1. Hey, does the range 44-63 have a residue that's in contact (Cβ under 8 Å) with a residue 40 or more places away in the chain, over 15 Å from Ala4 (Cβ atoms) and of a type in the set (S, T, N, Q)?
2. Of the conditions (1) hydrophobic (A, V, I, L, M, F, W, C); (2) touching a Lys or Arg at 6+ places or on another chain (Cβ under 7 Å); (3) open to solvent by less than 60 Å² (accessible area, probe 1.4 Å), Ala4 satisfies every one except a single condition; which number is it?
3. If you scan the range 13-65, which residues turn out to be in contact with a Lys or Arg (Cβ under 9 Å, 6 or more places away or on another chain) and open to solvent by 80 Å² or more (accessible area, probe 1.4 Å)?
4. Quick one: in the range 66-88, of everything that is polar (S, T, N, Q) and in contact (Cβ under 8 Å) with a residue 24 or more places away in the chain, which residue is surrounded by the fewest Cβ atoms within 10 Å (Cβ to Cβ)?
5. So which strands (runs of 3 or more DSSP E) are wholly in the range 1-75 and hold at least 1 residues that are among the hydrophobic types (A, V, I, L, M, F, W, C) and on the phi < 0 side of the Ramachandran plot?
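The values are calculated or read from the model by the stated rules, or taken from the named source; none is laboratory data. Note that the structure is a prediction, hence the values are computed from the model and not measured. All Cβ positions, glycine included, derive from the backbone under ideal geometry; neighbour counts span all protein chains shown. Surface areas here come from the heavy atoms of the whole protein model, side chains and all, with no ligands, DNA or RNA. Shrake-Rupley method; radii C 1.70, N 1.55, O 1.52, S 1.80 Å.
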Amino acid sequence: MEIAKSNIVRSNAGRDKGKLFVVLAVEGEFLLLADGKSRKVESPKRKKRRHVLFVSAEETRLAEKIKSEEKITNSELRRTLAASREVIQPDQEG
């Protein structure tokens with residue numbers, strides 16, 4: 001699947017391997033990624049497209065704000081990623 005603006009991706013290379021990010025922009029072969037904690041909206045991570053894996057393309061309020069280029073906050077990113085992390089990897093007991 002083609003990775004687009006506002007999608008949630010997982011890094012599969014580099015020191016941030018395994019972390020979830022939101023795609024803020026697409027610049028050819030590169031993506032601008034932020035997670036609201038280690039990578040803020042103000043200074044997103046520039047990463048090659050082949051170094052991330054597509055996770056989901058949920059249509060949330062945050063996705064609408066990113067697509068319409070409205071101002072987003074780091075707390076909105078953290079909240080969205082925490083919710084998707086629960087869906088992808090629910091807490092396992094045992």
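1. No, that holds for no residue.
2. Unmet for Ala4, out of (1) hydrophobic (A, V, I, L, M, F, W, C); (2) touching a Lys or Arg at 6+ places or on another chain (Cβ under 7 Å); (3) open to solvent by less than 60 Å² (accessible area, probe 1.4 Å): (2).
3. Lys17, Lys19, Glu27, Glu29, Lys37, Arg39, Leu53
4. Only one residue fits best here, namely Ser75.
5. 8-11, 20-27, 30-34, 52-56
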